[in-house]
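Below is one structure, written out as structure tokens; comments come after it.
The values are calculated or read from the model by the stated rules, or taken from the named source; none is laboratory data. Just so you know, these numbers come straight off a predicted model, no measurement behind them. Positions of Cβ are backbone-derived with ideal geometry, glycine not excepted, and every protein chain shown enters the neighbour counts.
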Amino acid sequence: MSPSDPIIAILAQFQPLFTAPTWKKMMTLLTGTILARGRRTVTAALWQTGHHLDSNFSRFHQVLNRARWSPLELSRHLLFLIMESFIQAGGGIDIVIDETLERRWGAKISKRGHYRDSALSSRKRSVSSPGLRWIVMAVVVTLPLDPATLGFALSVCPGNDPRSQREAGKTSQDRRHASTSDGKRGSRRWLPTVPIKLIGDTAYSILELGLHCVAQHVTLIAPFRLDSVIHQSPEVRTKHTIGRPRVVGKRLPSLETVLNDPKTVWQRITVDWYGEGKRALEICTATALWYRYGSDPLPIRWVLTRDPEGKRPPKALFSTDQSQTAEEIVLDFMKRWSLETTFEESHAHLGIETQRQWSDLAIERTTPLLFGLYSLVTLFGQALYPDGQLPLKQAAWYHKQAATFRDVLAVVRRQLWGNFTFPTSPTDPDVVLVPSSTLARLAHAVCY
């Protein structure tokens, strides 16, 4: 790649975070990991970059298990790059958060646990698998490459779920709150004036988390239990009222009661249902105080949704921003699905679960790097084709309308291979003169 290459311009912003020797080895591993297919091990990266015969190959392993650099600082720089590339000045960001299981085996992996495997489980059958559970936070952006409603979820701050042996004395609820709050607090510290929405699933429908988000000026959007206790705001206290001021007002009917009440007024809206086309929904909404004894009340706007055809079960959502409309809350919550796409494509195209490190430090760095590579490859594709008109993989039996991550990865790989601009033979213009070292690397990529 030439110094004027757009990929080089993006990577140069991360160079100050490493020493010169570590940076050189990191670029070798990064290039090899993008070009590799199948397992994403250090040796696979060395094969793709032509370093498989280096006698001091162990120095590349030391980038992950010994060298001094901060993954958190990498996340901060990556977040700033995403903001600069995809978020308009003065605009807010939508951060989706979820957990994913990295299936790993090995007695030497100290943080390995046994968790429910959501990919293999169903409503009738629960399957657990050994491995590491990661909490991933990603920024949802809409790219010219794919103007779909749900957009891309670009991971910026993956972290290991702190359910390790050293925290065995804490309850599972305490550990979940600590890990979630740490990641969100980092995002707010890095972007003190940017409006932030945090969108999670049922695991993040937590009163204490909502109170913490309000204190940090972050909007939390998550599912809401139908039997949750909600109240009116307390009445205005007069001047000579005796006793402690009321925290909440009169208790309101639960959303389950509202759902079954024939007097409930429903509003019908049409939404683009997870990119599958237009669908009708019936919604009702109101503001309330979510309250539990021993904690402060949380002002929320709740939204109750139901399918007019009765094919899907009713669902309730809440937002800590009471000024949001019901339709905005529903559309914001659907953005959470883009993170599931990130998980799937990271496993399929970036080799999540195929790495073979077992030391704690290498594990804590390798998986977040692979998740961050999804965001980095997307930034590379945007820099190479700012108008979004990148070449798509087409076939006679299928016409692709928009780019997927696989298309973006293909154009980035082609750029790393030098766009295959090799000299031709002076005697036969149809004969291309490919260096033997490049041919060997290409053959290894195809055959192994």
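Being in contact with a helix residue (DSSP H, G or I) (Cβ under 7 Å, 6 or more places away or on another chain), modelled with pLDDT of 85 or more, hydrophobic (A, V, I, L, M, F, W, C) and under 30 Å from PRO386 (Cβ atoms) is true for just one of LEU154, LEU150. Which residue is that?
Step by step, each of LEU154, LEU150 is checked, and only LEU154 is in contact with a helix residue (DSSP H, G or I) (Cβ under 7 Å, 6 or more places away or on another chain), modelled with pLDDT of 85 or more, hydrophobic (A, V, I, L, M, F, W, C) and under 30 Å from PRO386 (Cβ atoms).
Okay, residues lined up against (1) at pLDDT 90 or above; (2) of a type in the set (Val, Ile, Thr); (3) within 30 Å of GLU328 (Cα to Cα):
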position	(1), (2), (3)
HIS52	no, no, no
VAL63	yes, yes, no
TRP69	yes, no, no
GLU73	yes, no, no
ARG76	yes, no, yes
PHE80	yes, no, yes
ILE87	no, yes, yes
GLY113	no, no, no
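Tally the residues that are farther than 16 Å from VAL140 by Cβ and within 14 Å of the chain's Cα centre (by Cα), restricting the search to segment 74-92.
Total satisfying the criteria: 1.
Among the residues of segment 1-44, which ones are of a type in the set (Gly, Ala, Ser) and either surrounded by 20 or more Cβ atoms within 10 Å (Cβ to Cβ) or free of Cβ contacts under 8 Å to residues at least 60 places away in the same chain (or both)?
SER2, SER4, ALA12, ALA20, GLY32, ALA36, ALA44
One line per residue, one yes/no per condition, for (1) within 20 Å of ASP332 (Cβ to Cβ); (2) surrounded by fewer than 11 Cβ atoms within 10 Å (Cβ to Cβ); (3) touching a strand residue (DSSP E or B) at 6+ places or on another chain (Cβ under 8 Å); (4) free of Cβ contacts under 8 Å to residues at least 24 places away in the same chain:
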residue	(1), (2), (3), (4)
GLY200	yes, no, yes, no
VAL218	yes, no, yes, no
VAL229	no, no, yes, no
SER233	no, no, yes, no
LYS239	no, yes, no, yes
SER254	no, no, yes, no
THR257	no, no, no, yes
GLY275	yes, no, no, no
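Out of (1) over 30 Å from GLY151 (Cα atoms); (2) free of Cβ contacts under 8 Å to residues at least 40 places away in the same chain; (3) touching a strand residue (DSSP E or B) at 6+ places or on another chain (Cβ under 7 Å); (4) among the β-branched types (Val, Ile, Thr), the odd one out for THR287 is which?
Condition not satisfied by THR287: (1).
Show me the helices (runs of 4 or more DSSP H) found entirely inside segment 333-432 where at least 1 residues are basic (Lys, Arg), surrounded by fewer than 22 Cβ atoms within 10 Å (Cβ to Cβ) and without any contact (Cβ under 8 Å) to a residue 40 or more places away in the chain.
405-416
So ARG66 ticks every box in (1) under 18 Å from PHE18 (Cα atoms); (2) within 25 Å of the chain's Cα centre (by Cα) but one. Which box is left unticked?
(2)
Would you kindly identify the strands (runs of 3 or more DSSP E) lying entirely within segment 203-306 that contain at least 1 residues that are touching a Cys at 6+ places or on another chain (Cβ under 9 Å)?
218-223, 267-272, 298-306
Would you call THR287 within 30 Å of the chain's Cα centre (by Cα) and polar (S, T, N, Q)?
Spelling it out, THR287 is indeed within 30 Å of the chain's Cα centre (by Cα) and polar (S, T, N, Q).
Please determine, by comparing only the residues of segment 69-94 that are among the charged types (D, E, K, R) and touching a helix residue (DSSP H, G or I) at 6+ places or on another chain (Cβ under 9 Å), which one is surrounded by the most Cβ atoms within 10 Å (Cβ to Cβ).
ASP94
Kindly establish whether VAL248 is surrounded by 15 or more Cβ atoms within 10 Å (Cβ to Cβ) and aliphatic (A, V, I, L, M). Please lay out each step first, then the result.
Values: surrounded by 15 or more Cβ atoms within 10 Å (Cβ to Cβ): yes; aliphatic (A, V, I, L, M): yes.
For VAL248, the condition - surrounded by 15 or more Cβ atoms within 10 Å (Cβ to Cβ) and aliphatic (A, V, I, L, M) - is met.
Looking only at residues in segment 100-118 that are outside any strand (DSSP E or B) and of a type outside the set (D, E, K, R), which one is surrounded by the fewest Cβ atoms within 10 Å (Cβ to Cβ)?
Looking at residues that are outside any strand (DSSP E or B) and of a type outside the set (D, E, K, R), I get ALA107.
Among the residues of segment 433-448, write down those that are without any contact (Cβ under 8 Å) to a residue 40 or more places away in the chain and part of a loop (DSSP other than H, G, I, E, B).
Residues satisfying the conditions are LEU433, VAL434, PRO435.
Among the residues of segment 119-129 satisfying the criterion of being assigned to a loop (DSSP other than H, G, I, E, B) and either of a type outside the set (Lys, Arg) or touching a residue at least 24 places away in the same chain (Cβ under 8 Å) (or both), which is surrounded by the fewest Cβ atoms within 10 Å (Cβ to Cβ)?
Step by step, filter segment 119-129, then rank; the result is SER122.
Search segment 306-332 for residues that are within 19 Å of THR202 (Cβ to Cβ) and pair each with any residue that is part of a strand (DSSP E or B) and among the acidic types (Asp, Glu) when their beta-carbon atoms are under 7 Å apart and the residues are at least 6 apart or on different chains.
Listed pairs, sorted by first residue: ARG306/GLU282; ASP332/ASP94.
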